[in-house]
Amino acid sequence: MAIMMTRIHVEDYEAWKPQFCADAPQARREAKSHRLYRAVDDPNEVFVAVEFDSLDRASAARERLLASGVLDRVTLVAGPTIVEEAEAVVY
């Protein structure tokens, strides 16, 4: 499993969300799932986690996302970065 993590700042979350759902770059076309997180102090700061079943699919999605230019419409804080789980502890 591989996850593409991106942290962005949008001008207006409610206006940005339909654009994300449209997935114009098709960055999620082979994804297993995605999660959106919003910062408590600034709900326009968004953390996007997209899960893939392979590193190759995650890397291809990252390339499509970067090539599409959609990240030019937001303030990119970090990523998109491909990560693999190093540890999971459930309490």
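Taken together, the values in this text are just the output of simple stated rules run on the coordinates, not laboratory data. Bear in mind the structure is a predicted one, so any value in this text is a computation, not a measurement. Glycine also receives a Cβ, built like all others from the backbone with ideal geometry; neighbour counts cover every protein chain displayed.
Set side by side, the residues Ala86, Ala58, Ala15, Ala24 differ, and just one is touching a residue at least 24 places away in the same chain (Cβ under 8 Å), of a type in the set (A, V, I, L, M) and surrounded by fewer than 16 Cβ atoms within 10 Å (Cβ to Cβ), which is Ala24. Quick one: how many residues across region 11-37 are more than 12 Å from the chain's Cα centre (by Cα), outside any helix (DSSP H, G or I) and over 18 Å from Ala58 (Cα atoms)? Selection size over region 11-37: 2. If I filter region 2-9 for residues that are part of a strand (DSSP E or B), surrounded by 15 or more Cβ atoms within 10 Å (Cβ to Cβ), among the small types (Gly, Ala, Ser) and in contact with a Phe, Trp or Tyr (Cβ under 7 Å, 6 or more places away or on another chain), do I get at least one hit? Yes, some residue in region 2-9 is part of a strand (DSSP E or B), surrounded by 15 or more Cβ atoms within 10 Å (Cβ to Cβ), among the small types (Gly, Ala, Ser) and in contact with a Phe, Trp or Tyr (Cβ under 7 Å, 6 or more places away or on another chain).
Answer yes or no as to whether Val48 is farther than 12 Å from Met1 by Cα and touching a strand residue (DSSP E or B) at 6+ places or on another chain (Cβ under 6 Å). Yes; evaluated as a whole, the condition is true for this residue. Can you find a residue that is among the aromatic types (Phe, Trp, Tyr) and within 16 Å of Leu71 (Cβ to Cβ) anywhere in region 43-52? Scanning region 43-52 turns up at least one residue that is among the aromatic types (Phe, Trp, Tyr) and within 16 Å of Leu71 (Cβ to Cβ). Cβ-Cβ contacts under 7 Å between residues 6 or more apart (or on different chains), taken from a first residue in region 30-55 that is without any contact (Cβ under 8 Å) to a residue 40 or more places away in the chain to a second residue that is in a loop (DSSP other than H, G, I, E, B), are listed as Lys32/Asp53; His34/Arg28; Asn44/Val10; Asn44/Glu11; Asn44/Asp12; Glu45/Ala39; Val46/Val10.
Taking the criterion of being crowded, with 17+ Cβ neighbours inside 10 Å and basic (Lys, Arg), the only residue of region 27-54 that qualifies is Arg28. Being under 21 Å from Glu85 (Cβ atoms) and part of a strand (DSSP E or B) is true of Glu51. In the condition set (1) surrounded by fewer than 11 Cβ atoms within 10 Å (Cβ to Cβ); (2) in contact with a helix residue (DSSP H, G or I) (Cβ under 8 Å, 6 or more places away or on another chain), Val74 is compliant with all but (1).
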